[in-house]
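K.L.:
Handing you this structure, nothing more for now.
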Amino acid sequence: MTKTRKKRSRWENFKRLVRFRLIVPIKRLRHQPEYSARASMVGLAWAFTPLVGIQMYLCLMTWAVARKLFKWDFSLPVACAWTWATNVFTILPTYYMFYITGYYLLCFQNSATDYASFAELFQNVLYSDVGLWNTLKVFASTAKKGSLFMAVGCLPYMAIFGWIGYHYTFKYASARQRRHK
């Protein structure tokens, strides 16, 4: 490494990561556009669930089941990369978005928890060092209604972002395929 080489900023590193993990794999695929589009759909659908931490495993299970039962294939690395759309840094805002959406979808009349109270509850649960099993027990006992609201509230986002991912990836991959024929 030379001294003249400039150190990259975090933003540049993030853009580079996105480019090499999401864009380049879609560009290099030699499959039909549906192959990449399905991967984006599956990855984004699982990304918009309150299951941060196991989303890539869920992509793997979806890939295995879809291939075996439905003869439906997609790029597993691209699907797993798209699950990073939600991550540890965006967990509280997305969880609150799921909570509020589920709250209104289930037509509750009482007032919903404000963001500050919600963030305090989940910071205590998510960022404590009590191990996975204990964290899950605490989460289940302190946020039973919140969990139901988030489970219902994530469904529209799964559908919307899955469809958007499929649509735009298919459009991009089709245009790229036409240009390179």
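K.L.:
Taking the criterion of being within 18 Å of residue 35 (Cβ to Cβ), out of contact with any helix residue (DSSP H, G or I) (no Cβ under 8 Å at 6 or more places or on another chain) and free of Cβ contacts under 8 Å to residues at least 24 places away in the same chain, would at least one residue in the stretch 71-87 satisfy it?
P.N.:
The answer is yes; a qualifying residue exists.
K.L.:
Still on this model: Answer yes or no as to whether residue 66 is out of contact with any strand residue (DSSP E or B) (no Cβ under 8 Å at 6 or more places or on another chain), under 22 Å from residue 32 (Cα atoms) and surrounded by 21 or more Cβ atoms within 10 Å (Cβ to Cβ).
P.N.:
It is false that residue 66 is out of contact with any strand residue (DSSP E or B) (no Cβ under 8 Å at 6 or more places or on another chain), under 22 Å from residue 32 (Cα atoms) and surrounded by 21 or more Cβ atoms within 10 Å (Cβ to Cβ).
K.L.:
Of all residues in the stretch 17-50, count the ones that are modelled with pLDDT of 80 or more and not in a loop (DSSP other than H, G, I, E, B).
P.N.:
15
K.L.:
Just wondering, is there one or more residues in the stretch 125-143 that are of a type in the set (Asp, Glu) and either at pLDDT 80 or above or in contact with a Ser or Thr (Cβ under 7 Å, 6 or more places away or on another chain) (or both)? Lay out the reasoning, then the answer.
P.N.:
First, pick out the residues of the stretch 125-143 that are of a type in the set (Asp, Glu): 129.
Add one more test, that the residue is either at pLDDT 80 or above or in contact with a Ser or Thr (Cβ under 7 Å, 6 or more places away or on another chain) (or both), and what stays is none.
Within the stretch 125-143, not a single residue is of a type in the set (Asp, Glu) and either at pLDDT 80 or above or in contact with a Ser or Thr (Cβ under 7 Å, 6 or more places away or on another chain) (or both).
The values are calculated or read from the model by the stated rules, or taken from the named source; none is laboratory data. Everything numeric in this text was worked out from a predicted model, so none of it was measured. Glycine gets a Cβ as well: all are built from the backbone with ideal geometry, and neighbour counts include every protein chain shown.
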